[in-house]
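Below: one structure, written as structure tokens.
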Amino acid sequence: MAAEQAILPIAELSAYQTKWSIKARVTNKSQMRTFSNRNGGQGKVFSVDLLDAMGGEIRASLFNEAAEKFEAVLEKGKCFTLSRGTVKVANRQYNNCNHRYELTFDKNAVVEAAKDDATIETVKYKFVSLRAVAAKTLPTTVDLCGIISSFKPTQSVTSKEGVELVKREIMVTDDTATSMSVTLWGDRAKQSDSIFEGQPTVVLKSVAVKEFRESRSGSLSSTGEMILKPSMPEVQRVQQWWSQGGSSQALTNLSEWASTGDAGRSRNSTPTSLTGLRLASERLGSQPEFFNVVARVAQVQLRKQGEVQPLHYMACQELKEGSTLTCNKRVDEQGFCASCNRAGKVEPRLNIRCRFVDFEDAAWLTSFHEAATKVLDMSADAVRSLEQKARNDETEREALESTIRNRFFEKPMSLTIRAKLSTYNGEPRTDMGVVDARPVSYKDHGRTLLKEVNEMLSQGALAGA
């Protein structure tokens, strides 16, 4: 029996071993499900995630007779010894455990309860920062530790199979000043709004990350874990960052393209210079086009004809009727939204006029909220706070303008610009605005410049031939 065999660490399991026994804790367990086999018959299967004292993790699937025999035995959180299974290469489509192999058990399986072992953790986390998620090859599965900086109400959706599902999106932010939307499903999504309020810390295990139109977002798997306000060093570090200024930092939002309404446009943007942008403006039509320009901010319009120009406005954050999108229309001083015909939740949003410069030209462009926070490297709340202080205090006003001026020529940025021909008072005019601003990737930009140099050399050689 299993107890008579030497216990093998999970990390050492491989397809070359046939006789082995492992001792592990069940950290996750799936529901029993039925499936159709190749002969048209019906089968049963459920899976468990196993963790041993050395930190090795592996997924085990129990089929048919083994599934029926041990489904009630294998309880989450308890320890067992397991043997007489088969080791095979893990199917990454269904298995997100960090092991090259996975286990399968059939009617020959031996599963025995073991005395609880305090050296085996109840769950093992391998945290990945959100900044690292931005560089990962997708799809991938990660464990996250961060702050729930915002959340949306629950929403009912219908799956491809026609099943009614409930979901909720939360925005998770960590101490790399990066955030990403994560979708919760079922009972996790249905929890009271109050538990998500107050920007609590959160740990999420097994978040599946995918990309859609250059927007990265996560979905907590059904076998994953969500723990609010946990006590662990990683959580304390993130909480300290948030309370000591992180909450007012400008954040890189991996999911922002999904919320701007221009999802995926950066993929189709045309690389150009400010001169090229000026030339392109002469042939624009009513359909928006997207351009990518590398430039630096040289000036922000703080005054116009001597009058102070506000950098922010208060916007309605109520959901549009029949939609999951927020209104975002400007509200009056009492917080009343004419579009929604009511006063409700509001938040500051940035809308600034900037003069950008590159190696040969300059252009004044309006920078909208998401881009503006990156151009100024300040959150909308921080800008609003400074503007409120400066309202009737010239010293505070000078401090605000000095803070803004410190951003001038600070670093090159990759700007995504949305441009089209619109009509104002019956007259056609070019409408251009910065919808995204990111730090320049020197590696990618260098390759682009080298490609341009090679093209010019090639053209020069052809002309001289």
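We did not get these values from a lab; they are worked out from the coordinates using the rules stated. All values derive from a computational prediction rather than experimental measurement. Neighbour counts run over all protein chains shown; Cβ positions are idealised from the backbone, glycine included.
Using the Cβ atoms and a cut-off under 11 Å, what net charge is assigned to the surroundings of E68, where Lys and Arg are +1 and Asp and Glu are -1? Please list the in-between numbers first.
Working: positive: K44, K69, K107; negative: E65, E71.
Summing Lys and Arg as +1 and Asp and Glu as -1 gives +1.
So for the chain, considering every pair of alpha-carbon atoms, how many percent are separated by more than 33 Å? The share of Cα pairs beyond 33 Å in the chain comes to 51 percent. Full extension of the chain between R342 and E164 yields a length gain of 61.0 nm, computed as 0.36 nm times the residue separation minus the alpha carbon distance.
Straightening the chain between T86 and F359 buys 92.0 nm, computed as 0.36 nm per residue apart minus the Cα-Cα spacing.
Projecting the Cα atoms of N108, I10, G40 onto the charge dipole of region 2-113 (Cβ charges, centred on the Cα centre) puts G40 farthest toward the positive pole. Across region 130-251, counting alpha-carbon atoms alone, Rg and Dmax equal 14.3, 47 Å.
What the phi angles of region 78-83 give under the Karplus curve with 6.51, -1.76 and 1.60, with θ = phi - 60°, is a coupling list of 9, 9, 8, 9, 10, 8 Hz, glycine and proline written as x.
Ranking I22, I147, T430 by Cα position along the charge dipole of the chain, where only Lys, Arg, Asp and Glu carry charges on their C-beta atoms, puts I22 farthest toward the positive end. With only the Cα atoms considered, region 2-113 has a convex hull volume of 104 Å³ per residue. Rg of the Cα atoms in region 39-101, relative to 2.2 N^0.38 Å, amounts to 1.19. Inter-label distance, K210 to K78: 3.6 nm, where each label sits 7 Å from its Cα along the C-beta direction.
By other beta-carbon atoms within 10 Å, ranking I404, I195 with the fewest at the front produces I195, I404. Annotation: the residues R216, R84, sorted from fewest to most other C-beta atoms within 10 Å of their own C-beta, follow the order R84, R216. The residues neighbouring Q239, those whose beta-carbon lies less than 14 Å from its own, together hold a net charge of -1 under the Lys/Arg +1, Asp/Glu -1 convention.
Starting from the Cα-Cα distance between A298 and K420, subtract it from 0.36 nm times their residue separation and give me the gain in nm to one decimal. Before the final figure, lay out each step's value.
Numbers: separation 122, 0.36 × 122 = 43.92 nm, distance 2.40 nm.
Working it through step by step, the gained length comes to 41.5 nm.
Centroid-to-centroid, using Cα positions, region 389-431 and region 158-237 are 34 Å apart.
Angle of helix 380-390 to the longest C-alpha principal axis of the chain, folded into 0 to 90 degrees and rounded to 10: 40°.
For the chain, the longest principal axis of the alpha carbon atoms and the long axis of helix 394-405 meet at an angle near 70°. Placing a pseudo-label 7 Å from each Cα along the Cα-to-Cβ vector at R283 and L450 gives an inter-label distance of 3.0 nm.
Tell me, what does the Kirkwood hydrodynamic radius of region 289-410 come to in angstroms if you use every pair of distinct C-alpha atoms? Before the final figure, lay out the partial values.
Numbers: mean 1/r = 0.0629 Å⁻¹.
About 15.9 Å for region 289-410.
The modelled label-to-label distance between E396 and S194, using points 7 Å beyond Cα along the C-beta direction, is 3.5 nm.
Which entries in the list K44/K210; K136/K190; K76/K210; K152/K374 go over 25 Å, if you measure between the two C-alpha atoms of each? Could you put the intermediate results ahead of the total?
Working: K44/K210 29 Å; K136/K190 30 Å; K76/K210 28 Å; K152/K374 23 Å.
Too far apart for the 25 Å limit: K44/K210; K136/K190; K76/K210.
Among I417, I22, rank each residue by its count of other Cβ atoms within 10 Å, from fewest to most, as a rough exposure measure. Kindly include the intermediate steps, with their values, before the conclusion.
Working: I417 28, I22 23.
So the ranking, lowest neighbour count to highest, is I22, I417.
Rg and Dmax, both from the Cα atoms of region 320-390 and both in Å, are 15.5, 48.
Once the Cα atoms are used to define both axes, helix 442-464 deviates from the longest principal axis of the chain by about 60 degrees.
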